[in-house]
Amino acid sequence: EAAVTQSPRNKVAVTGGKVTLSCNQTNNHNNMYWYRQDTGHGLRLIHYSYGAGSTEKGDIPDGYKASRPSQENFSLILELATPSQTSVYFCASGDRTEQYFGPGTRLTVL
Amino acid sequence: GDSVIQMQGQVTLSENDFLFINCTYSTTGYPTLFWYVQYSGEGPQLLLQVTTANNKGSSRGFEATYDKGTTSFHLQKTSVQEIDSAVYYCAMRSYTEGADRLTFGKGTQLIIQP
């Protein structure tokens, strides 16, 4: 049974629209992370969280917000989506030894 | 800030060839080093951790070695198979500036020709 799930798995959005990507984990990890994956750039950290109510900026936070309402859920919010945000987004939860990734969300902004 | 450099963007080998992928890192903290693997259509998953205690780690036929002097760590496998086709990421965990996070290299696409 998958411990980190993401929804939706695929999303097409229009420029200027609002997009919310959701992540749920059953690992009971305090730490959760959002990455984007692009050819030539690998995995880049957008936001992360140390627990419910906390969010921290990663390396590329501009244009993104994050929300951690509970231990299990961590959302990534694009208030005004742009074509440059077309990418594959991965959520992960982590303990002291490992990060566990979800299956990814493919976002296309037209 | 922390950085991980993974120069090989793509490696193409034949079955039973030797695999070698190198990474270098830079940090002011005390790093823990990892290799992650990502198969097509899936999220990355941990392949192995390199322990600084004995400078090595191994899993599923892969071995990783760490050299503190050159701040590098590499992944190798003696005889690759077609099922090893995937993207391999080196990663470093550090605690600089109070953040507990991973910094990833850009990834190496491994293509195994039958």
For the stretch A:21-34 the number of residues that are buried (at least 21 other Cβ atoms within 10 Å of the Cβ) and free of Cβ contacts under 8 Å to residues at least 60 places away in the same chain is 1
Counting only strands (runs of 3 or more DSSP E) entirely within the stretch B:37-114, those with at least 3 residues that are among the aliphatic types (A, V, I, L, M) are B:45-50, B:86-94, B:108-113
Taking the stretch B:82-114 and the residues there that are surrounded by 13 or more Cβ atoms within 10 Å (Cβ to Cβ) and polar (S, T, N, Q), the one that is nearest to A:N30 (Cα to Cα) would be B:S94
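Checking the condition without any contact (Cβ under 8 Å) to a residue 24 or more places away in the chain, in contact with a Leu (Cβ under 9 Å, 6 or more places away or on another chain) and within 11 Å of chain A (Cβ to nearest Cβ), which residue from B:R93, B:R101 passes? Reasoning before the result, please.
Working: B:R93 fails: without any contact (Cβ under 8 Å) to a residue 24 or more places away in the chain.
Going through B:R93, B:R101 in turn, just one is without any contact (Cβ under 8 Å) to a residue 24 or more places away in the chain, in contact with a Leu (Cβ under 9 Å, 6 or more places away or on another chain) and within 11 Å of chain A (Cβ to nearest Cβ): B:R101.
Picking from B:Q6, B:Q10, which residue would you name as being of a type in the set (S, T, N, Q) and surrounded by 20 or more Cβ atoms within 10 Å (Cβ to Cβ)? Before you say what the answer is, go through the steps one by one.
Working: B:Q10 fails: surrounded by 20 or more Cβ atoms within 10 Å (Cβ to Cβ).
When all the criteria are applied, what remains is B:Q6.
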Just one listed residue, out of B:V11, B:V37, is within 30 Å of A:C23 (Cβ to Cβ) and touching a Leu at 6+ places or on another chain (Cβ under 6 Å), and it is B:V37
Going through (1) among the hydroxyl-bearing types (S, T, Y); (2) outside any strand (DSSP E or B); (3) within 27 Å of A:S93 (Cα to Cα) one by one, B:T24 fails only at (2)
Exception for B:G43 within (1) free of Cβ contacts under 8 Å to residues at least 12 places away in the same chain; (2) more than 12 Å from chain A (Cβ to nearest Cβ); (3) in contact with a strand residue (DSSP E or B) (Cβ under 6 Å, 6 or more places away or on another chain) falls at (2)
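Out of A:A92, A:A52, A:A13, which single residue is surrounded by fewer than 20 Cβ atoms within 10 Å (Cβ to Cβ), in contact (Cβ under 8 Å) with a residue 40 or more places away in the chain and hydrophobic (A, V, I, L, M, F, W, C)?
A:A13
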Given the conditions (1) touching a residue at least 24 places away in the same chain (Cβ under 8 Å); (2) within 14 Å of another protein chain (Cβ to nearest Cβ); (3) in contact with a Leu (Cβ under 6 Å, 6 or more places away or on another chain); (4) of a type outside the set (G, A, S), every one holds for B:F73 apart from (2)
- prompt: Would it be correct to say that B:G43 is buried (at least 21 other Cβ atoms within 10 Å of the Cβ) and modelled with pLDDT of 90 or more?
  reply: yes
Checked the stretch A:82-110 for anything of a type in the set (A, V, I, L, M) and either at the interface with chain B (Cβ under 10 Å from one of its Cβ atoms) or closer than 10 Å to A:W34 by Cβ (or both); matches are A:V88, A:A92
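The values are calculated or read from the model by the stated rules, or taken from the named source; none is laboratory data. On a predicted model such as this, the values are computed, not experimentally measured, just so you know. Quick reminder, even Gly has a Cβ in these numbers, built from the backbone with ideal geometry, and neighbours come from all protein chains shown.
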